1. Please count how many residues of segment 29-87 are in a loop (DSSP other than H, G, I, E, B) and of a type in the set (A, V, I, L, M).
2. Quick check: is even one residue across segment 82-97 free of Cβ contacts under 8 Å to residues at least 40 places away in the same chain and under 20 Å from VAL34 (Cα atoms)?
3. Do any residues in segment 40-58 that are crowded, with 16+ Cβ neighbours inside 10 Å have Cβ atoms under 8 Å from those of residues that are among the polar types (S, T, N, Q) and modelled with pLDDT under 90, where the two are at least six apart or on different chains, and which pairs are they?
4. Scan segment 167-194 residue by residue and report those that are buried (at least 21 other Cβ atoms within 10 Å of the Cβ), of a type in the set (Ser, Thr, Tyr) and modelled with pLDDT of 95 or more.
5. Quick one: SER256 ticks every box in (1) part of a strand (DSSP E or B); (2) at pLDDT 95 or above bar one, so which box is it?
Amino acid sequence: MDPYMRCKMNENTGTDYLTPLNLDEVIDGVGLGVVMASEDSNFCEGDILESYHWPWQKYAVFDVSGFNSLLVNKVDTKLTGKNYTLMLNLFGLPGLAAFIGIRQKAHINPEAKQTMAVSAAGGASGSMAVQISKLEGCSRVVGICGSSEKCKFVADLGADDVINYKEGDLDQRLSEACPHGVDIYFDNVGGAISDAVISHMNDNSHVVLCGQIAMYNTDHEYPPPLSGEIQDLLCTRDITRERFLVLNYIERFQASILQLNKWYKMGKIKCRETVTHGLSKVPEAFIGMMSGRNIGKQIVCVSEP
């Protein structure tokens with residue numbers, strides 16, 4: 001379950017790569033399943049498959065003629081073992097978005113002693129970004145969350161400081177947590193939180209624009225426009241803020257997964273999931289995710305393989 005699915009519920013998704021859902025159409029998303037039967041020799045009973053277009057139902061039929069890896073792909077169980085959901089989390093879009101986004105857009109220089117802020121740091125991509133940024137050489141990493149439980153989780157991931165934006169003055173806490181300003185901002189939320197972080201960013205700093213969940217209930221285009229004051233800051237401080245779409249880097253997925261797996265096996269990256277059981281609980285889980293109630297990746301288990 002991912003926040004982008006909310007955009008597909010708008011008549012105008014705000015992007016050129018997401019099409020809106022149609023009435024009476026089965027909702028789909030990134031999913032895993034087990035092959036019950038196959039008429040294609042490349043897929044055998046018992047294979048675990050992943051798809052970026054998995055329909056929300058217990059049984060599905062895939063036409064794999066003209067094979068497309070975004071449609072359906074075998075899970076490498078040597079990579080995951082029995083932890084198949086790593087393909088939805090660390091080795092899936094959340095982990096890849098954090099890893100590739102940081103490598104492509106963050107411009108980390110270990111010798112520069114940079115400070116990085118991460119919003120939605122207790123979520124799927126944010127929790128990965130906190131850990132990856134430290135591994136890549138950031139001197140100081142500050143997570144921003146919305147609950148004390150999430151703050152503790154992010155601190156356990158290695159963040160140097162964690163801010164609960166629902167408590168106290170966010171601007172003051174940013175000044176305290178980032179005394180030398182912010183050099184990199186991994187942005188998952190947009191809105192008022194991002195405005196506050198950007199106001200603390202240094203000259204020639206960088207925003208990794210991963211998501212804007214605060215704006216998904218609106219009809220704004222993606223990325224949404226900034227206020228005049230914040231836009232002026234970007235210009236006067238020469239702050240980069242470029243749209244980042246991980247699906248534009250599919251050719252980097254395999255090498256990225258290998259690096260993430262290496263860190264995972266070394267115990268340098270931790271994963272956490274919030275699992276809800278049953279199709280009937282999908283609305284509850286979706287609303288919870290959009291409200292920030294999940295920690296790590298929100299997953300719905302329809303049935304056990």
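1. The total comes to 10.
2. Taking every residue of segment 82-97 in turn, at least one turns out to be free of Cβ contacts under 8 Å to residues at least 40 places away in the same chain and under 20 Å from VAL34 (Cα atoms).
3. Matching pairs, first to second residue: LEU49/ASN73; GLU50/ASN73; SER51/ASN73.
4. Selection gives TYR185 alone.
5. It fails just one condition, (1).
The values are calculated or read from the model by the stated rules, or taken from the named source; none is laboratory data. What you see is a predicted model, and the numbers here were worked out from it, not measured in a lab. Cβ: placed from backbone, ideal geometry, glycine included. Neighbour counts: every protein chain shown.
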